[in-house]
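Let me begin by presenting the structure, written as structure tokens, before commenting on it.
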Amino acid sequence: MSHVFERPPLLADEHTSLTGWLELQRRILRWKCEGLSEADAHRSVVPTSPLMTMAGLIVHMRWTEHTWLDVIFLGGDSSRNPAFDESAEEDADWFTEGVTLAQVLADYEAQCARSDEIIAAASLDDVARHPDFPRNRANLRWILIHLIEETGRHAGHADIVRELVDGTKGYY
């Protein structure tokens with residue numbers, strides 16, 4: 001597993017740097033899924049965290065981007081996001097049962113494209129506006145930094161999960 005990914009330019013404006021680092025982490029996360037069988041994509045290898053599968057990581061990041069950009073930042077509808085479903089089981093935003101890896105990745109791609117549209121249409125100083133989340137009145141800059149941190153953290157989890165699944169190692 002070897003791939004070359006470009007980091008954002010060393011001398012870039014703030015917007016380019018933030019979106020570049022987010023996209024790099026997204027690519028690494030998707031790359032860790034390349035070549036996986038359906039069984040391996042859904043195989044749990046961490047006994048204390050059975051939902052942390054390669055597919056589960058991707059599903060979780062899809063809903064994380066939806067949470068922070070569509071729901072909290074734009075003030076959009078949370079009803080289709082399992083993280084907000086109080087009747088659902090805990091960690092429902094990690095569930096992948098009955099969903100193929102190809103579909104999980106397609107859904108993540110679609111959410112990333114949607115997130116990119118939201119980011120492109122806003123200023124880094126724009127503040128989140130969902131009325132039900134007053135403690136999350138962060139600006140877009142803070143949200144992007146948080147998404148970089150969370151995506152990077154889960155890309156690190158993907159490194160370990162992938163190695164435990166099939167022994168494949170790789171760093172960009």
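Brief remarks follow.
- For Asp77, the shell of other residues with beta-carbons less than 14 Å away shows a net charge of 0, using +1 for Lys and Arg and -1 for Asp and Glu.
- Dividing the radius of gyration of the alpha carbons in region 20-98 by their Kirkwood radius gives 1.00 for Rg/Rh.
- What the Cα convex hull of the chain gives, in volume per residue, is 114 Å³.
- Simple Cβ-charge dipole of the chain, Lys/Arg +1 and Asp/Glu -1, about Cα centre, in debye nearest 20: 400
- Result for the chain in a Gaussian network model with C-alpha springs under 10 Å: among Leu22, Leu57, Leu36, the largest mean-square fluctuation is at Leu36.
- Stretching the chain fully between Glu149 and Ala83 yields a gain of 21.9 nm (0.36 nm per residue, less the alpha carbon separation).
- Across the options His15, Ile118, Ser87, the greatest Cα extent toward the positive end of the charge dipole of the chain (unit charges at beta carbon of Lys, Arg, Asp, Glu) belongs to His15.
- Remark: the Ala121-Ala39 segment gains 25.6 nm on full extension, using 0.36 nm per residue and subtracting the alpha carbon distance.
- Charge context of Ala120, other residues only, Cβ under 13 angstrom, K/R +1, D/E -1: -3
- With the highest mean first, a sort of the peptides 81-89, 104-112, 143-151, 61-69 on other beta-carbon atoms found within 10 angstrom per residue produces 61-69, 143-151, 104-112, 81-89.
- Separation of the Ala110 and Leu11 label points, Cα + 7 Å toward Cβ, nm: 4.2
Only the coordinates and a few stated rules stand behind these numbers; no lab work does. This is a predicted model, so every value here is computed, not measured. Heads up, the Cβs are rebuilt from the backbone with ideal geometry, glycines too, and the neighbour counts pull from every protein chain shown.
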